[in-house]
Each structure stands twice: as structure tokens, then as C-alpha cells.
Amino acid sequence: MSDVLTARILPNIVGGQRVISKSFRSMPVTNPSTGEVIAELPMSTAAELDAAVKVAGVAQAEWAEVPLKDRVQVFYKMKALVEAEKDYLAEIVTLENGKTHAESLGSVLRAVECLEFGASLPQIATGEILEVSKGVECRTMRAPLGVTGIITPFNFPFMVPLWMIPMSIGLGNAVILKPSEQTPLSALEIGRLLEASGLPAGIFSVVNGDREIVDAMCDHPGISAIGFVGSTHVARKVYERGSAAGKRVRALGGAKNHLVVVPDADPEMTAANVVSSVTGCAGQRCMAASVLLAVGDCDHILDLVKLKMEELVVGKDVGAIISEAAYERITGYLERTASGGAMLTLDGRKASLAEAPSGGRYLGASIIDHATPDHEASCDEIFGPTLTIIRCATLDEALAIENANPYGNAAAIYTSSGGTAQYFADKVSAGMVGVNIGVPVPREPFAFGGWNDSAFGGGDITGPTAIDFWSRTKKVTTKWSASNKANWMS
Ligand code: NAD
């Protein structure tokens with residue numbers, strides 16, 4: 001397969017070559033499931049980014065000349081390769097991220113959908129044509145932007161980069177990917193797979209590093225657009241800094257997703273779905289359920305939620321927490337629960353770790369119940385397998401709490417009433433709405449993206465509207481008929 005498992009020092013990819021950064025700074029990459037150090041990751045310098053941008057710029061000028069139909073052939077080939085290697089690729093995701101194998105595999109297969117979508121660009125990225133006056137025709141052409149930057153978080157190291165890579169590269173751009181320094185292995189695998197699928201050298205580069213490279217990407221005049229996915233405070237900063245440097249930036253941020261449960265919800269389906277929404281990927285996903293707004297008497301459902309959470313086997317059903325810092329952050333909320341006036345009715349710190357590998361950072365599911373809307377656990381993105389429950393008298397009260405929170409990534413309702421579901425969908429202030437589905441994830445061909453503090457900038461970085469984000473249009477007005485004396489106003 002590849003050398004990511006044996007490399008002691010992880011390289012960048014520049015011009016199709018594996019290049020070891022000469023930086024004096026580096027970070028260990030650890031396996032969250034065991035705490036073992038997998039490799040050392042140099043933190044590349046701004047000068048190394050600059051060199052990569054120059055190489056990418058030269059390659060992109062040639063790539064832009066390749067017809068769209070020929071460019072996307074890469075994604076057909078890559079889809080076949082990813083499908084053939086799906087278990088291996090899932091193992092890499094698990095190795096660097098700590099997800100369970102099933103979760104990693106799901107994320108790899110979801111990335112396949114993104115490749116399929118990229119392959120469909122010739123069908124959906126056609127231009128427009130209209131005779132605007134007698135004998136005068138306008139048509140739009142699509143042109144690439146140039147060298148683009150993609151900056152990604154730790155939680156989906158294979159899938160999230162592939163939300164954007166097929167769109168940007170398919171539309172004729174070159175991509176410089178800066179993956180999370182906590183999970184850099186999958187990025188190198190993506191590079192290997194793109195090369196094996198026939199992508200010319202220089203169109204896809206990986207420049208590893210931390211905030212220094214992110215800042216340098218925002219400032220670099222040779223990078224024309226940035227797609228960012230990560231936490232809200234960094235998304236806002238990348239949006240502001242990149243925009244100030246004249247770039248097109250779409251930055252997806254963090255979340256505080258609310259699930260509303262009303263008494264007519266199907267208890268079994270609701271409880272199973274809530275539990276998987278809270279604990280999937282150990283709660284480390286932007287779509288994870290975080291707050292449950294229980295409207296009226298829902299105790300029969302909440303009891304089932306607790307029971308199902310207690311039955312989870314940590315290490316088998318619930319994967320690892322990414323880092324010691326993340327573990328400390330999550331457990332801090334559990335420690336401080338009572339001081340905010342709420343009750344810790346299920347404490348994930350007490351879950352059995354008998355099935356979990358030793359040396360890793362693991363937590364069972366937790367429930368913080370009877371919280372007030374201003375409790376810190378009701379407001380902050382905890383990003384762990386923790387559910388905060390707020391009791392509400394009415395659906396409107398629940399909606400008011402949801403809509404007052406600054407985020408707006410996802411929200412869901414559990415009900416057996418179509419009218420209630422539609423009322424919720426109409427009133428809720430979130431970009432992705434679920435009905436009896438706690439993780440209404442982005443699925444091609446639907447565009448997605450959060451609202452409010454969950455996303456900054458215009459356009460979209462995946463889905464059909466991403467075509468406009470990753471390209472620019474040119475309008476060509478043509479008149480061939482010399483006999484037509486009319487000017488453009490007539
Ligand atoms: P993060 O914001 O810490 O890191 C994301 C990227 O930004 C990384 O590549 C990192 O190197 C870089 N970065 C970190 N701090 C920086 C700084 N101060 N200046 C410049 N760059 C910096 O996010 P994370 O912890 O890796 O991922 C978890 C977060 O991502 C959560 O908030 C989650 O909700 C969010 N997320 C959002 C979506 C979405 O679609 N909205 C999807 C996945 C994850």
C-alpha cells in the first residue's frame with residue numbers, strides 16, 4: 001500500500017515528490033487508542049509553503065487547459081481504488097483518529113460519494129446560453145481560480161478533505177491541503193491515491209503544519225480561495241484573515257446541535273438514534289447531538305436513552321478521545337456539572353474500560369440532566385460523548401432555546417406528527433435539519449453548511465453550489481451576423 005505506516009518522519013507532498021520539511025519544529029503524532037507515538041510531523045515553514053504554491057501554480061496552468069470531461073476521469077479511477085482499499089484506509093483513519101473501524105469505514109465510503117459527485121461535474125457544471133437580442137448570444141464559461149487552499153480538522157481526516165478536493169481539482173484548480181497536525185496520515189494516502197489515479201504532479205500538494213501555515217495560507221497572494229473546516233474561533237479568524245488578503249473563503253465552524261424530543265416520538269427509534277448521535281465518533285463530530293430539549297413528559301424516552309448509553313461497550317462501541325487536552329476539556333465539564341446547578345445522572349468516567357486498549361483515552365457516555373439554558377454544558381461545544389438535557393414546557397420554548405444559541409449547524413426533532421415536524425423545520429435556525437434523524441449529515445448532491453456562527457463566508461464548499469465557489473464565470477457576448485445592425489440595447 002503506502003509508506004505512511006513505516007515513515008518515522010512524515011513528509012509533505014510537493015510537485016509529486018515526498019519532501020521532508022527542514023523546519024526545526026515538529027510534533028509527535030499519536031495513536032489515540034493506545035497513546036503510542038506513530039511518527040513525527042515537522043511543522044513546515046512559510047517559505048516551504050511558498051515553494052509548494054509556486055510548483056502548484058505552474059502545474060495548474062497546464063491542468064486548466066485539460067477539458068473538464070478528461071479532468072474528472074481521475075475521480076472514476078480513484079473511486080475504484082478507494083473501494084478496493086476501503087478497509088486499509090479505514091484502518092489508517094482509526095490509527096490516527098481513534099474511531100471504531102465501523103465509523104472509519106463509514107467515513108471512507110462517504111468520501112466515495114464525494115468522488116462520484118466530482119466525477120459528475122461535466123453533467124452539472126455546464127454553462128448557460130441565450131440569444132439576448134436578435135443575432136446576439138450570451139454564454140457563460142467557467143474558469144478555474146488557480147491555486148486553492150484546503151484546511152481540515154482532526155475528526156474526519158479522509159472524508160472532510162474529500163468534500164472539497166474533487167470539486168476544486170475537477171474545476172481546474174490546484175489544491176494545497178493542510179491537514180490537522182493531529183491526523184496527518186490520511187492526507188498522504190489521498191495524495192498517493194490521486195497520483196495512482198493519474199492526477200498530474202503538482203495539482204495536489206500536502207503542506208503539514210499548524211497555525212503558522214494556516215496564517216501563511218491566508219496571507220499568500222498565490223492562493224486564491226480557501227475552504228476551511230474546524231472550530232468556530234479558527235473558522236472566523238481564517239475567514240477574516242483570508243478575506244482581508246483578497247481571497248474567497250468559506251469557513252465551516254463548530255456546532256452545538258440540539259435535538260428536540262416531544263412525547264409522541266417513537267421511544268425505541270428515538271432513543272437508539274439519540275444515543276448514536278451523541279456517542280458516534282465519541283461525540284467528536286460537528287453533527288453530534290449535544291443538547292436534548294425534552295418537551296413535556298418524555299421520561300419514558302429519556303430512561304431508554306440512559307439505558308442504551310449504559311449498555312455501550314467503551315472501546316468497541318465508543319472510540320477514543322483524540323488527545324489528553326480534549327479528555328481534560330470533556331471531563332472538566334463533568335466535574336463542574338453540579339456547580340452550574342445541573343445533575344450528572346450518567347458519568348462516563350465510571351464506564352468500564354475492560355474492552356478498551358490500554359494507554360488510550362476513553363470515556364463512556366455521560367448525561368448532564370436538568371440543566372438550565374445558560375449552564376456551560378448547554379452553551380459550549382464539549383465535543384465528547386456527553387448529552388445535556390434541558391426540560392421545556394412547550395415546543396416554542398424549546399425552539400427559543402435552540403434559536404438563541406449562537407451556532408446553527410444542525411438541529412433535529414423526534415416526533416410522529418408531520419405537522420409538528422414541519423413547524424420545527426420552518427422555525428428552527430440551523431442549516432441542517434433532521435426529522436427523526438439525529439445526524440442529518442451532508443449527502444451529495446445536496447449542498448449543506450451551517451448557519452450563524454457555524455459557517456463564515458458565502459457559497460459552499462461541497463454540493464452543487466460549490467461549483468460557483470471553486471470556479472469563476474466569464475460571460476461571452478457574440479454576434480456573427482453582419483446583416484444584423486442592431487446594437488446591444490435594441
Ligand atoms: P481546529 O479549529 O482546532 O483545527 C482545524 C484546523 O485549523 C487544523 O488544521 C488546525 O491546524 C488549524 N488551527 C488550529 N488552531 C488554529 C489557529 N489558532 N490559527 C490558525 N489555524 C489553526 O479544529 P479541530 O479541533 O481539529 O476539529 C474540531 C472542530 O471542527 C469542532 O469545532 C467541529 O465542530 C469542527 N468541525 C466542523 C465541521 C463542519 O462541517 N462545520 C466538520 C468537522 C469538524
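Values as computed for the structure displayed
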| quantity | calculated |
| --- | --- |
| Among the candidates K247, K256, residue that is among the basic types (K, R) and either under 26 Å from G283 (Cα atoms) or crowded, with 24+ Cβ neighbours inside 10 Å (or both) | K256 |
| Residue in the stretch 218-228 that is buried (at least 17 other Cβ atoms within 10 Å of the Cβ), β-branched (V, I, T) and away from the ligand (no atom under 14 Å from the Cβ) present | yes |
| Scope the stretch 52-85; condition small (G, A, S) and under 14 Å from A201 (Cα atoms); matching residues | A52, A56, G57, A59, A61, A64 |
| Check on S186, within 14 Å of the ligand (Cβ to nearest atom), closer than 25 Å to Y76 by Cα, open to solvent by less than 10 Å² (accessible area, probe 1.4 Å) and in contact (Cβ under 8 Å) with a residue 60 or more places away in the chain | yes |
| Residue ID - farthest from the chain's Cα centre (by Cα), chosen from residues in the stretch 222-280 that are under 19 Å from I437 (Cβ atoms) and charged (D, E, K, R) | D264 |
| Test result for P200, in the same structural domain as P144 (by TED's automatic domain parsing), surrounded by fewer than 22 Cβ atoms within 10 Å (Cβ to Cβ), more than 26 Å from A90 (Cα to Cα) and in contact (Cβ under 8 Å) with a residue 24 or more places away in the chain | no |
| Within the stretch 102-119, tally of residues that are touching a residue at least 12 places away in the same chain (Cβ under 8 Å) and open to solvent by 10 Å² or more (accessible area, probe 1.4 Å) | 7 |
| Filter result (of a type in the set (S, T, N, Q) and either part of a loop (DSSP other than H, G, I, E, B) or under 20 Å from L304 (Cα atoms) (or both)) within the stretch 337-361 | T337, T345, S352, S358 |
| Residues of the stretch 310-321 that turn out to be open to solvent by 10 Å² or more (accessible area, probe 1.4 Å) and not small (G, A, S), as a count | 6 |
| Matching residues in the stretch 296-308 - criterion: being open to solvent by 10 Å² or more (accessible area, probe 1.4 Å) and of a type in the set (A, V, I, L, M, F, W, C) | L302, L304, L307 |
| Test result for E355, surrounded by fewer than 24 Cβ atoms within 10 Å (Cβ to Cβ), outside the structural domain of N155 (by TED's automatic domain parsing), more than 30 Å from D264 (Cβ to Cβ) and not small (G, A, S) | yes |
| S205 within 16 Å of the ligand (Cβ to nearest atom), at pLDDT 95 or above and not acidic (D, E) | yes |
| Top-ranked residue in the stretch 432-463 [being touching a Cys at 6+ places or on another chain (Cβ under 9 Å) and in a loop (DSSP other than H, G, I, E, B); ranked as nearest to the ligand (Cβ to nearest atom)] | G450 |
| Residue in the stretch 67-75 that is within 29 Å of L5 (Cβ to Cβ) and aliphatic (A, V, I, L, M) present | yes |
| Criterion: open to solvent by 40 Å² or more (accessible area, probe 1.4 Å), more than 16 Å from the ligand (Cβ to nearest atom) and more than 30 Å from W480 (Cα to Cα) - qualifying residue of L89, L81, L130 | L81 |
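The values are calculated or read from the model by the stated rules, or taken from the named source; none is laboratory data. Only a predicted model underlies this, so the values are computations on that prediction, with no experimental measurement involved. Glycine also receives a Cβ, built like all others from the backbone with ideal geometry; neighbour counts cover every protein chain displayed. With ligands, DNA and RNA removed, areas are computed over all heavy atoms of the protein, side chains included. Shrake-Rupley method; radii C 1.70, N 1.55, O 1.52, S 1.80 Å.
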